[in-house]
Amino acid sequence: GRDLICIQSMDGMLMLFEQESYAFGRFLPGFLLPGPLAYSSRTDSFITVSSCQQVESYKYQVLAFATDADERQETEQQKLSSGKRLVVDWVLNIGEQALDVCVVSFDQAVASVFVLGERNFFCLKDNGQIRFMKKLDYSPSCFVPYGSVKEGTINTLIGNHSKILNVYQDVTLKWATQLSHIPVAVKVANLQDLKGVIVTLSDAGHLQCSYLGTDPSIFQAPKVESREINYEEYDAEMKELQKIIREATTMQDILPYSEKHKDLTVTAEVSPDLDAESQAIDSEVKAEAVPSVTVKITMQSRVTVQKPNLTVSVQAPLAVTCDQFIFDDLEQDTSESVVVSVFLKGNCSPPELEGNCLVSYNIPTGIPRVAQCKFRLPLRLICSPAQPSKAASHKLTIDTNKPPISFLTIFPDFVDPSDDDQANVLGFQFLTGSKTTLLASKTSQRYRIQSDHLEDLWLITKELTLRLEEHFRKQNCKDFACSFSGSIPLQEYFELIDQHFELRLNAERFEELLAERAVQFRAIERRLLTRFKDKTPAPLQHLDTLLEGTFREV
């Protein structure tokens, strides 16, 4: 009589809930990417297809009583890779990724586990043994098994990317039909008096109910009395209808949409200078001063615009002083402007220095529309000029097909015009504390970016390529190109991911322990209060204060 819910997270954790209460969570071993997941009530097991291209079955009882990895004598690397120590019930290697898993049980057929792969279709027994498999000569998109009229067999509908729906009885193709769309999901349903209706969902979100074959029509149209055609009457009716159509197409309240003349345009203008007085709020950055820059956003309406709603978004850890604006209706040929400030809130570098403005509104006919624009933030918002470093742990070399450009030309906001040494070397000090150096070769067409932190190379590399492209675009040069011929630093990249995952795993484990301790303290408090309920109020108040203080410390 209770609902049990299993949720699979993107990092490979199975979270089990009883009604609204969290029961426990377990990490699947060797997890990389989430795959399809199904529950078998007959064996009380969860069946999934892992990134190792194998079908795996885990008993609920094994999941519930699995031992935490950090209670065993294992290395840190083993803890990270294995998570909670689980024992798989059975494994079947199918050699390909799976699109879907379905567990079925019909009265006239053997209970089975169906797996739809990228190139094959599998039917398994409850213990993982293959009952049968079918090699597919097309790219499947979805499937659903359903009961067959022939005893001992199971019918299956398999849709593919050629808009074809195939009907199989076990491995035998019984029928194929053409659909009007590519199905991403398919089911068989009984709708009122219609049995065996095929319900499909397209990738565009269209739901279609259809069935194979035709129903005989029991309705017979009565015979009509033949009468002569009155052409004059028909001509008069046609002229009247054409008049109505002409009037409808020339009505002023029907506004044809034109891409050339949009109903509303939105523009964003970024101030060329940082704010004289920073507008940063609740910033976690440890720097002495956190700068901000002003962005002026203007909406210009060509027609009357109803209920415009403006959203300003930037990539975290960047933040804006206000990201939502709701306006009254804008009249025709009017404008409205707002001003926001952008600053670095989190103590790390952002992935990009680009923002987005989006306005949702209705035109007078009630049709919803959206207008948007992008804006680019200055590099000075997150870093400042600094002394370049001669040595660094990580280096990146960018090749170009043009002679190197002086940094006095492409980085005027970071160089001192009187310092000739900055013509081919620059230092950038990030607000987070790290430093990156940019060098231009004097003898070749190359630029080098170097830093002690791999993640700090990206923003300077992107800014360099953007400024070079902009410079040569102004010079009317259309064949400029940047390239990278070195080896991709995958090892360093994976080490960063491991560090991030380790921190996250420790944080999640700490939260679990804290929640367990909270429950234990509340239980102790209830037992003690019950024991001393006949005592005077003073000790009870003192005990409650003591327990509350202890709980806060923990």
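For the chain, give the magnitude of the charge dipole about the Cα centre (Cβ charges: +1 Lys/Arg, -1 Asp/Glu; no others), in debye to the nearest 20.
1360 debye
How high is the relative contact order of the chain, in percent, with contacts defined as C-alpha pairs under 8 Å that are six or more residues apart?
6 percent
Using a 1.4 angstrom probe on heavy atoms only, work out the carbon and sulfur share of the accessible area of the chain in %.
Ligands and nucleic acids excluded, carbon and sulfur reach 52 percent.
What is the magnitude of the charge dipole of segment 264-354 about its Cα centre, with +1 placed on the Cβ of each Lys and Arg, -1 on the Cβ of each Asp and Glu, and no other charges, expressed in debye to the nearest 20?
Approximately 180 debye in magnitude.
Compute the accessible area per residue over the chain, keeping the other protein chains in place, probe 1.4 Å, unit Å².
I get 62 Å² per residue for the chain.
Hey, of (i) 42; (ii) 37; (iii) 53, which did the structure itself give for percent of Cα pairs over 43 Å apart when calculated?
Among (i) 42; (ii) 37; (iii) 53, the one derived from this structure is (iii).
Only helical DSSP H runs with n ≥ 4 go in: add -39500 (n - 2.57) per run for the chain, normalise by residue count and round the 222 nm mean residue ellipticity to 500 deg cm²/dmol.
-7000 deg cm²/dmol
Quick one: compute the contact order of segment 80-207, relative version, from alpha carbon pairs under 8 angstrom and 6+ residues apart, as a percent.
14 percent
If every alpha-carbon in segment 264-380 counts as one equal scatterer, what log10 I(q)/I(0) does Debye give at q = 0.22 1/Å?
Computed log10 I(q)/I(0) values: -1.14.
Going down the list Lys262/Lys462; Lys296/Lys374; Lys134/Lys174; Lys402/Lys478; Lys262/Lys296, which pairs span over 23 Å between their C-alpha atoms?
Lys262/Lys462
Work out the charge dipole of the chain with +1 on the Cβ of Lys and Arg and -1 on the Cβ of Asp and Glu about the Cα centre, then indicate which of Asn347, Gln306, Asn401 is farthest towards its positive end.
Asn401
Leaving ligands and nucleic acids out of the surface, order Asp89, Asp275 by accessible area at 1.4 Å, largest first.
Sorted by accessible area, descending: Asp89, Asp275.
The values are calculated or read from the model by the stated rules, or taken from the named source; none is laboratory data. Being a predicted model, the structure only gives us computed values, none of them experimental. When we count neighbours, we look across all protein chains shown, and the Cβ atoms used for this are built from the backbone with ideal geometry, even at glycine. Note: areas computed on protein heavy atoms with side chains; ligands, DNA, RNA excluded. Shrake-Rupley method; radii C 1.70, N 1.55, O 1.52, S 1.80 Å.
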